[in-house]
1. Could you work out the relative contact order of the chain, using alpha carbon pairs under 8 angstrom and six or more residues apart, expressed as a whole percent?
2. For residue 176 paired with residue 54, estimate the spin-label separation in nm (one decimal), with each label point 7 Å from Cα along the Cα-to-Cβ line.
3. Per the helix-only calculation at 222 nm, which mean residue ellipticity applies to the chain, given -39500 (n - 2.57) for every DSSP H run of n ≥ 4 and division by its residues, nearest 500 deg cm²/dmol?
4. Please compute the net charge surrounding residue 42, taking Lys and Arg as +1 and Asp and Glu as -1 over other residues with Cβ under 14 Å from its Cβ.
5. Ranking request for peptides 39-49, 94-104: highest mean number of other beta-carbon atoms within 10 Å first, then the rest in descending order.
6. Calculated from the structure, Rg and Dmax of the Cα atoms in Å equals which of (1) 19.6, 71; (2) 20.3, 67; (3) 16.9, 52?
7. With a length cut of 27 Å (Cα positions projected on each helix's long axis) and a Kyte-Doolittle mean of at least 0.0, go through the chain and give me the DSSP H helices that pass.
Amino acid sequence: MVLSKALTLIFSADREVLFISMTSLSMALTSTIISTIPALILGTVLSIKNFHGKSIIIIILNSLMAMPTVVIGLLIYSLISRSGPLGNFGLLFTPWAIIIGQSILSFPIIASLIYSALSRTTIELPETLETLGATGTRKLYMIFRESKIAVLSAILSGFGRVIGEVGVSMMLGGNIRWFTRTITTTIALETSKGEFELALALGIILIFISLTVNALLHLGINRNV
């Protein structure tokens, strides 16, 4: 009975289900894009350059990958709350607060995985490219071309991390209906209320999103094998 009602909510294109799903997707995509840019730069620099403090940065990145979402939410909350240094911007309990939190959450994952992927590629490839006459931007382009699947996997891992998180979204967004409610925060709320139909419907959608992301990655890998 619960499952049939959940499926009805999905296939009838229930307004609230659609809004929550699109809100989660838009915020997760935005935060992933925002974090990918600096993560790509940092991961690339770490993989092709040797400098003082490099190992410390790598250790910090690897440590931040396991950082609990509630801790990140708490740190950002202290910055953007009314009593915090960024309180005047009025970011707390808005979609942008969630996006900031999710961007910080996904950044170390994407940066660390990109570094790992490019490090494996850049062991012999740069010397080979230089032998063939490739330098500068052209060399960097070829390195990324050879590592594109691994880089894409890193980005999708960051997206997967934020689409399924609940701590940051709950603490910074406030789970406000028709404004900052995401799939995960709604599932937590509806389950606590004993309203399983909406929670199950959103759970099915979240599983579908995860399967779609992994299927796209799998297809991309197979096409380039």
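Every number in this text was worked out from the coordinates using simple rules, so none of it is lab data. Bear in mind the structure is a predicted one, so any value in this text is a computation, not a measurement. In this analysis, Cβ positions are derived from the backbone assuming ideal geometry, glycine residues included, and neighbour counts consider all displayed protein chains.
1. Dividing the mean separation by the residue count of the chain yields 31 percent.
2. 4.6 nm
3. -25500 deg cm²/dmol
4. For residues surrounding residue 42, the net value is +2.
5. Peptide ranking by packing, descending: 94-104, 39-49.
6. Label (2) holds the value from this structure.
7. The answer, listed by residue number, is 15-48, 95-121, 196-223.
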